[in-house]
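Working notes, beginning with the structure itself.
The values are calculated or read from the model by the stated rules, or taken from the named source; none is laboratory data. Not measured: the values here are computed from a predicted model. Reconstructed Cβ throughout: ideal geometry from the backbone, glycine too, with neighbour counts over all protein chains shown. Keep in mind that these areas ignore ligands, DNA and RNA; they rest on the heavy atoms of the full protein, side chains included. Shrake-Rupley method; radii C 1.70, N 1.55, O 1.52, S 1.80 Å.
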Amino acid sequence: MKNRIINILLAILITGIIVTIILIVIKYGRNQKKEKELKDVVEIVTTKIKENKEDNKPIGNIEVKGYKVEGIIKISKINIEYPILEKTTDEAMQYSVTHFWGDSVNAIGNYTIAGHNNIDGTMFGNTDRLEEGDIIELTGLDGKKVQYKIFKQYIIDPEDVNCVKSVKAGTREVTLITCQNGHKNRLVTKAREIEQE
């Protein structure tokens, strides 16, 4: 009887492990498919910006799953380049990084971007590897690229929204926000425009 109970528990444990592995593989596969789709969107945006720069025409609307694209974020150190979607909702964040606060890409003030902290490193899953001095590049749909240098990274409570305020008036800043510690906290990365000499 005792051996039978042990065998049943082992079978349940093994089944649980197999199901967990299958779910991880499925999620990883979905994330990789999403990454490919987002890479294609970035390519479309980049191509349209180049074409319209020559013709001096507006780029027009580009969408991802019904959400307008506002620009592109690129962080070479952690190998990400994503379209920034127009607003932060649970649904929009399933597709890409999103505009959380601020006027528009590369406007004076603090432009804040929210993104998921995916365990496979996609979205903002590797922003904890960034350090002071690393570069974040934003490209607006007008084709203007601005580089920002990271000057601060810290952890806050989910209810704390003070990070959306500009630290230095009259400057361009970008703030990245992602979950940390199993959604208990938020990791904030702040960067300021690199002054052109």
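Only a single criterion out of (1) of a type outside the set (A, V, I, L, M); (2) open to solvent by 90 Å² or more (accessible area, probe 1.4 Å); (3) at pLDDT 90 or above; (4) assigned to a loop (DSSP other than H, G, I, E, B) is not satisfied by residue 88, namely (2). When we screen 196, 153, 94 for residues that are polar (S, T, N, Q), open to solvent by 10 Å² or more (accessible area, probe 1.4 Å) and at pLDDT 95 or above, the only hit is 153.
Per-residue answers, yes or no, for (1) in a loop (DSSP other than H, G, I, E, B); (2) not β-branched (Val, Ile, Thr):
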{"position": "153", "(1), (2)": "no, yes"}
{"position": "166", "(1), (2)": "yes, yes"}
{"position": "182", "(1), (2)": "yes, yes"}
{"position": "188", "(1), (2)": "no, no"}
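Of all the criteria given as (1) out of contact with any strand residue (DSSP E or B) (no Cβ under 6 Å at 6 or more places or on another chain); (2) open to solvent by less than 50 Å² (accessible area, probe 1.4 Å), the one not satisfied by residue 112 is (1). One residue stands out in segment 168-182 among those that are surrounded by 10 or more Cβ atoms within 10 Å (Cβ to Cβ) and more than 9 Å from residue 109 (Cα to Cα): the one that is farthest from the chain's Cα centre (by Cα), namely 181. Just one residue in the set 185, 181 is without any contact (Cβ under 8 Å) to a residue 60 or more places away in the chain, at positive phi and not hydrophobic (A, V, I, L, M, F, W, C); that residue is 181. For residue 129, the stated conditions do not hold, so it cannot be described as without any contact (Cβ under 8 Å) to a residue 60 or more places away in the chain, surrounded by 17 or more Cβ atoms within 10 Å (Cβ to Cβ), closer than 19 Å to residue 78 by Cα and among the basic types (Lys, Arg).
Scanning segment 60-85 for residues that are hydrophobic (A, V, I, L, M, F, W, C) and crowded, with 18+ Cβ neighbours inside 10 Å yields 64, 69, 72, 73, 75, 80, 84, 85.
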